[in-house]
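The values are calculated or read from the model by the stated rules, or taken from the named source; none is laboratory data. These numbers come from a predicted model, not from an experiment. Note: ideal-geometry Cβ built from the backbone for every residue, glycine included; neighbour counts use all protein chains shown.
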Amino acid sequence: MADTLPAPDLEALAEVMRTLGHDTRLRLIATLLAQGETSVGEIEALTGVGQPGLSQQLGVLRKAELVQTRRAAKQVYYSVASDAFIAAAAFLAALARTAPVEMAARADRKAASPARGSAAMFAKIL
């Protein structure tokens, strides 16, 4: 990548990546991306993430400014704060362009084959 991001932008990018590095938070973002603005009750039903874990993880996403909220009476609705992902998307797109094609093909083959030493293999041995 010819252009490098200034240090403050890299810190913000690292924070977005850390926040998204949790499977539950990533599932919540994916759900909101697919569904659009969604109430907390609907998010719970769609993801299977129950209280209080749901509230905790939505709070982390809210604090990181990756989601936005809207209150209507007693309902709280969440949606993805798209602008928060612009730098991360650009960075990941740049990484994808620099990855050799054979490296991507190797990753695809690895994902398709079962991992050695996995729990499934262990259970098969028993």
For this session: Please work out if ALA12 is closer than 16 Å to SER79 by Cβ and either within 17 Å of the chain's Cα centre (by Cα) or part of a helix (DSSP H, G or I) (or both).
Result: no
Exercise. Any idea which residue in the stretch 15-38 is surrounded by the fewest Cβ atoms within 10 Å (Cβ to Cβ), counting only those that are β-branched (Val, Ile, Thr), in contact with a strand residue (DSSP E or B) (Cβ under 9 Å, 6 or more places away or on another chain) and in a helix (DSSP H, G or I)?
Worked result: THR31
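Just need a number here: residues in the stretch 39-53 that are in a loop (DSSP other than H, G, I, E, B) and either under 13 Å from LEU28 (Cβ atoms) or in contact (Cβ under 8 Å) with a residue 60 or more places away in the chain (or both).
Residues meeting the conditions: 3.
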Problem set entry | Verdict on VAL60 being β-branched (Val, Ile, Thr), modelled with pLDDT of 95 or more and part of a helix (DSSP H, G or I) | yes
